[in-house]
Amino acid sequence: MAERLIALVDHRTAPLPAPQAGSRAPAGTLRDARGRPLRDLRISVTDRCNFRCNYCMPKEVFGSEYAWLPHGALLSFEEITRVARLFVAHGVKKLRLTGGEPLLRKGIETLIGQLAALRTPGGGKPEITLTTNGSLLARMAQALKNAGLDRVTVSLDALQDDMFRHMNGVDFPVAEVLAGIAAARQAGLTPVKVNMVVQRGVNDGQIVPMAEHFRGSGVTLRFIEYMDVGATNGWRMEQVLPGAEVIALLQTRFPLLPLDPTAPGETAERWGYAGADGRHDPALGEVGVIQSVTQAFCGDCNRARLSMDGKLFLCLFAGQGYDLRALLREGREDAEIEAALAAIWQGRNDRYSELRASLPPEAARAMRRVEMSYIGG
Ligand code: SF4
């Protein structure tokens with residue numbers, strides 16, 4: 001295994017001050033400097049996880065000595081809900097709870113209940129989703145549904161038990177994650193989506209077995225290109241298996257047809273399983289490829305990310321976030337926070353994935369990118 005470069009950069013410090021805009025925020029949906037509407041808010045509710053996946057939370061960095069954030073540094077449920085309410089007032093239609101592992105945050109059902117009570121300016125309920133490693137899902141699925149969660153996405157990088165146990169870094173059995181997926185379907189947290197991060201030479205041999213397992217099951221499987229998120233996973237381009245190669249591989253086993261996106265800014269390219277008549281058979285379902293490296297989708301990226309300690313990040317590959325927690329804890333009025341939010345989003349021009357290929361490798365490696373475990377995928 002090649003020597004891994006581990007740059008110890010702690011993004012939990014040095015936040016950018018949120019702008020003290022005196023003026024009021026414009027009503028309705030905010031658009032950034034590239035005209036992209038604010039539509040999705042990803043909320044990381046904890047920096048902790050019970051897995052140690054090497055591309056996200058390598059043991060070498062997130063070991064027993066690692067200084068986790070103290071509870072007081074985390075946004076409270078009331079603070080999260082207040083921020084979410086202001087985002088929903090300005091265009092957000094989907095709230096995704098992430099982490100770390102969000103189901104480790106004690107009382108998360110209470111937070112979900114608070115978020116489920118929010119309403120868009122048009123009176124609709126924002127969709128509430130959650131991304132989990134599935135380890136706690138079997139016992140929590142029904143309670144999450146009862147609290148108001150709409151659906152879940154489960155990260156699963158292999159079906160072969162010994163490989164999965166190795167990849168999650170804590171010897172956790174795949175059967176329990178599969179039981180969690182079944183419980184989520186049983187509880188009605190549907191459609192359940194499964195995300196597999198594909199690393200060439202590591203788990204690409206699992207692509208066809210995973211597709212065979214979930215085809216016709218009602219679960220949508222997505223293959224994610226391995227990304228240079230953060231600064232601790234030692235990412236190299238040669239470890240990336242392009243989405244186009246994944247689809248070509250699957251086509252040797254199953255006939256697939258391209259499908260239209262379901263919503264603007266959707267990250268996955270959808271492919272439907274063809275039935276005997278050569279047309280898409282919804283009963284067989286679909287797969288997706290998320291190609292941030294080889295097919296950048298920054299053009300309609302409408303996602304904002306809130307860290308568990310209240311920093312607003314405008315891109316998965318950002319270097320710094322804006323400190324909204326300071327405004328909350330200084331007792332600022334809603335209008336002041338909305339004005340700051342508007343100034344931040346309207347000034348947004350992020351498009352790292354579009355720029356990645358043109359960056360000299362050493363420049364890309366030197367960039368202080370925030371850790372995925374800090375702001376959620
Ligand atoms: S690289 Fe940044 S701007 Fe581009 S799609 Fe990803 S999060 Fe959005």
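The values are calculated or read from the model by the stated rules, or taken from the named source; none is laboratory data. What you see is a predicted model, and the numbers here were worked out from it, not measured in a lab. For neighbour counting, all protein chains shown are included, and Cβ atoms are generated from backbone atoms with ideal geometry for every residue, glycine included. Keep in mind that these areas ignore ligands, DNA and RNA; they rest on the heavy atoms of the full protein, side chains included. Shrake-Rupley method; radii C 1.70, N 1.55, O 1.52, S 1.80 Å.
Working note: Cα atoms of the chain, range along each principal axis, descending, whole Å: 60, 49, 39. In the stretch 325-377, a dipole from Cβ-located charges (positive for Lys and Arg, negative for Asp and Glu) runs towards its positive end, and of ALA366, LEU327, ALA343 it is ALA366 whose Cα lies farthest in that direction. A 1.4 Å probe run over the stretch 238-377, with the rest of the protein chains in place, finds 42 Å² accessible per residue. Each label was represented as a point 7 Å from its Cα along the Cα-to-Cβ direction; for MET163 and ALA33 these points are 4.3 nm apart. Surface exposure of the stretch 167-236, expressed per residue as accessible area with a 1.4 Å probe, stands at 33 Å². Using only Cα atoms and rounding to the nearest 10 degrees, what angle (0 to 90) does helix 137-147 make with the longest principal axis of the chain? Once rounded, one gets 50 degrees.
Positive-end ranking of GLY234, LEU284, LEU249 along the dipole of the stretch 234-334, with charges on Cβ about the Cα centre, is headed by GLY234. Grab the other residues whose beta carbon is less than 10 angstrom from that of ALA339, score K and R as +1, D and E as -1, and report the net. Here the charged neighbours net out to -2. Each residue was assigned an accessible area with a 1.4 Å probe, and for TYR226 the value is about 10 Å². Here is the tail figure for the stretch 209-350: Cα pairs spaced more than 23 Å apart come to 51 percent of all pairs.
Cross-linked pairs LYS125/LYS311; LYS59/LYS94; LYS59/LYS125; LYS59/LYS93: Cα-Cα separations exceed 28 Å for LYS59/LYS94; LYS59/LYS125; LYS59/LYS93.
Which order do peptides 103-110, 53-60, 287-294, 260-267 fall in by mean Cβ count within 10 Å, highest first? It would help to have the intermediate numbers written out before the result.
Working: 103-110: 17.0, 53-60: 19.5, 287-294: 22.4, 260-267: 12.2.
My ranking of the peptides, most packed first, is 287-294, 53-60, 103-110, 260-267.
About its Cα centre, the dipole of the stretch 239-377 is roughly 440 debye, where the only charges are +1 on Lys and Arg Cβ and -1 on Asp and Glu Cβ. Once Lys and Arg get +1 and Asp and Glu get -1 on their Cβ, which of ILE108, CYS56, LEU69 lies farthest toward the positive end of the dipole of the chain? Result: ILE108. For the chain, the fraction of 1.4 Å probe accessible surface lying on carbon and sulfur atoms is 54 percent. Among beta bridges from DSSP that stay inside the chain, the antiparallel ones total about 30%.
Using Cα-Cα distances under 8 Å and only pairs 6 or more residues apart, what relative contact order does the chain have, in percent? Show your work: numbers first, answer last.
Working: 762 pairs, mean separation 90.7, N = 377.
Computed over the chain, the figure is 24 percent.
Placing +1 on the Cβ of every Lys and Arg and -1 on the Cβ of every Asp and Glu, with nothing else charged, gives the chain a dipole about its Cα centre of roughly 760 debye. For the chain, adding -39500 (n - 2.57) for each run of n ≥ 4 DSSP H residues and dividing by the number of residues yields -8000 deg cm²/dmol at 222 nm. Straight-line cross-link partners of LYS106 among the lysines, defined as a Cα under 19 Å from its Cα and at least 8 positions apart when in the same chain: LYS145.
Using bins of 10 Å that start at zero, the share of Cα-Cα pairs per bin across the stretch 51-169 amounts to 12, 37, 33, 16, 3, in whole %.
With r as the distance between the Cβ atoms of HIS213 and GLN186 and R0 = 22 Å, compute the FRET efficiency 1/(1 + (r/R0)^6) and round to 0.05. Mind showing how you got there, number by number?
Details: r = 18 Å, r/R0 = 0.80.
FRET efficiency, GLN186 to HIS213: 0.80.
Could you work out the mean projected area of the convex hull around the alpha carbons of the stretch 166-256, in square nanometres to one decimal? Can you show the working numbers first?
Numbers: hull surface 28.0 nm².
Value for the stretch 166-256: 7.0 nm².
Each label point was placed 7 Å from the Cα along the Cα-to-Cβ direction; for ASP260 and MET237 their separation is 3.6 nm.
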